[in-house]
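The values are calculated or read from the model by the stated rules, or taken from the named source; none is laboratory data. Predicted, not measured: the structure shown is a model, and the values here were computed from it. Note that we place each Cβ from the backbone using ideal geometry, even for glycine, and neighbour counts take in every protein chain shown.
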Amino acid sequence: MSGLVFFSSRSGNTRRFVEKLDLAADRIPIDETEAFPDIRAPYVLICPTYADAHGRGAVHRQVIRFLNAPERRALLRGVIAGGNRNFGATFAQAGGVIARKCNVPVLYRFELAGTDTDIARVKAGLETFWGQECSIPA
Amino acid sequence: MKDTVVSRAVPRAVNWNRLEDDKDLEIWNRLTVNFWLPEKVPLSNDIQSWSQLTPQEQTLTIRVFTGLTLLDTIQNTVGAPTLMEDAITPHEEAVLSNISFMEAVHARSYSSVFSTLCQTDQVDEAFRWSSENEHLQAKSRLILDEYDATSSPLRKKVASVFLESFLFYSGFYLPMHWSSRARLTNTADLIRLIIRDEAIHGYYIGYKFQRGMERLSEAERQEIKDFAFGLMFDLYDIEARYTEQLYDPLGLTEDVKNFLHYNANKALQNLGFEGLFPDEACRVNPAIMAALSPNSDENHDFFSGSGSSYVIGKAVATEDEDWDF
């Protein structure tokens, strides 16, 4: 099984989602002066959505800065996005934006800190996903 | 100059270039970009649709909307202003003043629906009904009791998040239900604007609640958490009876209750807590979920193979200046 990288602002919804997954995960710092985690292996990114009514600003600036580095971007395999269905068409839109920019699939979308069902599905899904990844010859 | 004049406390002038909490600016920007007025929504396109509802369905709709008007009025005139007294940063007070005003816009927008679609006597009857409805009055009182100046800042925030993120939903269900049947679709557009605002309000006040909790001892945090779950139980009890009274005649009560459970859990998550209701009790009718988030590809799940493998946002402006590629 390979890595997880996540971003969570101080409201902590995504952090709580990742904690419930109970898998090793690297955190993208909130503070721009802090160093990004050193990523050497393929990973799935988990991040929340901040879109306004026009869909702008969906991806947090720190996540964009993290993905701007080609060596980190090259290891991204998929994205899991948080959000709130109350925002209608922009629900979990960070996932779609990153998928398009980085040409990776949106693996899953969840609301706020996720439900038990979300956690079970993502744990099982990631296991299968990494199994498929590893069986592809380099 | 007299001493009494000199000792009067003067607020700090708010300097938005010196932030103590980045969330204040983030939420200010979200709320101001999202600003809207009911005049932007072509409600008159619903006149024909309205005339096709039965008298019973019309009465229910107007009553539900007067109930929502009451909650918005409370939040506009009491809830948001009382939270301002507890604000930690001057920017937080400014954000709360926006929240307060938008609640006035929400309350006002129901009257736009009424003046466009309804007869004056129907509306007057419904406002009378809301002022006399025991469940509506009871839940309002529970919230107002916490808004009293004697209540603690964190208890006020719990009450506020429960109003914003839970109590509205017994009412919001109905326009989503009509919308899923292609009825009153413009009114539903207006309600979705309100739902979007309330989601930001609940998130922000819940965030400030969590900041406040960090300053407390473990024992004090537990006490507030017990209070929050206790208040949720009491409010749910009233909401269940309110729901039965309104929706039993249409046979929708169980469907509405699932929606209430789902939203109660989201309200608790806004406060940083785990949900109360098990997932099985939160299975909202997919038609209601689709009405809540149209065009968001409701069933997308790559892991289970449902939906399309790549979800691309539809109304997107992805070109953010921060991207380097």
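Within the range B:36-62, if we keep just the residues that are under 22 Å from B:A182 (Cβ atoms) and of a type in the set (D, E, K, R), the residue that is modelled with the lowest pLDDT turns out to be B:K40.
The one condition from (1) touching a residue at least 24 places away in the same chain (Cβ under 8 Å); (2) surrounded by fewer than 18 Cβ atoms within 10 Å (Cβ to Cβ) that B:A267 does not meet is (2).
Looking for whichever is among the hydrophobic types (A, V, I, L, M, F, W, C) and either at pLDDT below 95 or under 30 Å from B:T59 (Cβ atoms) (or both) here; the options are B:L231, B:L250, B:L216. Which one fits? Step by step, each of B:L231, B:L250, B:L216 is checked, and only B:L250 is among the hydrophobic types (A, V, I, L, M, F, W, C) and either at pLDDT below 95 or under 30 Å from B:T59 (Cβ atoms) (or both).
Among the residues making up the range B:178-206, those that are surrounded by fewer than 23 Cβ atoms within 10 Å (Cβ to Cβ) and more than 18 Å from B:A107 (Cα to Cα) are B:W178, B:S180, B:R181, B:A182, B:R183, B:T185. Checking each residue in the range A:39-49 for being touching a Ser or Thr at 6+ places or on another chain (Cβ under 8 Å) and part of a loop (DSSP other than H, G, I, E, B) picks out A:A41, A:P42, A:P48, A:T49.
Scanning the range B:283-304 for residues that are buried (at least 21 other Cβ atoms within 10 Å of the Cβ) and part of a helix (DSSP H, G or I) yields B:A291, B:L292.
Here B:A9 fulfils each of the conditions (1) among the small types (G, A, S); (2) part of a loop (DSSP other than H, G, I, E, B); (3) in contact with a helix residue (DSSP H, G or I) (Cβ under 7 Å, 6 or more places away or on another chain) apart from (3).
Against the list (1) surrounded by fewer than 24 Cβ atoms within 10 Å (Cβ to Cβ); (2) closer than 30 Å to B:Y173 by Cα; (3) aromatic (F, W, Y), the condition A:F91 fails is (1). Against the test of being more than 7 Å from every other protein chain (Cβ to nearest Cβ) and on the phi > 0 side of the Ramachandran plot, the options A:G114, A:G131 yield a single qualifying residue, A:G114.
Every listed requirement among (1) crowded, with 18+ Cβ neighbours inside 10 Å; (2) facing chain B (nearest Cβ under 9 Å) is met by A:F7 save one, (2).
Would you check which residues across the range A:58-71 are buried (at least 18 other Cβ atoms within 10 Å of the Cβ) and at the interface with chain B (Cβ under 10 Å from one of its Cβ atoms) and list them?
Of all residues in the range A:58-71, those buried (at least 18 other Cβ atoms within 10 Å of the Cβ) come to A:58-60, A:62-64, A:66-67.
Passing the criteria: A:A58, A:V59, A:H60, A:Q62, A:V63, A:I64, A:L67.
Does A:R56 satisfy the criteria of being of a type in the set (K, R), closer than 30 Å to B:D189 by Cβ and outside any strand (DSSP E or B)? Criteria met by A:R56. Checked against the criterion of being modelled with pLDDT of 95 or more, more than 7 Å from every other protein chain (Cβ to nearest Cβ) and under 20 Å from A:K20 (Cα atoms), the range A:99-110 contains one or more residues that satisfy it.
Scanning the range A:111-138 for residues that are modelled with pLDDT under 95 and touching a Gly at 6+ places or on another chain (Cβ under 8 Å) returns a single hit, A:F129. Which ones in the range A:72-94 are within 21 Å of A:V18 (Cα to Cα), in contact with a Gly (Cβ under 8 Å, 6 or more places away or on another chain), at the interface with another protein chain (Cβ under 7 Å from one of its Cβ atoms) and not in a loop (DSSP other than H, G, I, E, B)? Correct list: A:Q93 only. For the condition closer than 16 Å to A:P37 by Cβ and surrounded by fewer than 19 Cβ atoms within 10 Å (Cβ to Cβ), A:R100 does not qualify. Taken over the range B:143-184, the criterion of being modelled with pLDDT of 95 or more and outside any helix (DSSP H, G or I) is satisfied by B:F168, B:R181, B:A182, B:R183, B:L184.
If the condition is being farther than 14 Å from B:F114 by Cβ and under 17 Å from the mean Cα position of the chain (by Cα), then the range B:33-69 contributes B:N34, B:F35, B:W36, B:L37.
In the set (1) touching a Lys or Arg at 6+ places or on another chain (Cβ under 9 Å); (2) more than 26 Å from B:L268 (Cα to Cα); (3) part of a helix (DSSP H, G or I), A:F36 fails one condition alone, (3).
Whether any residue in the range A:94-106 is among the polar types (S, T, N, Q) and over 24 Å from B:I200 (Cβ atoms) is what I want to check.
Within the range A:94-106, the subset among the polar types (S, T, N, Q) is A:103.
The next check asks that each one be over 24 Å from B:I200 (Cβ atoms); those that pass are A:103.
Yes.
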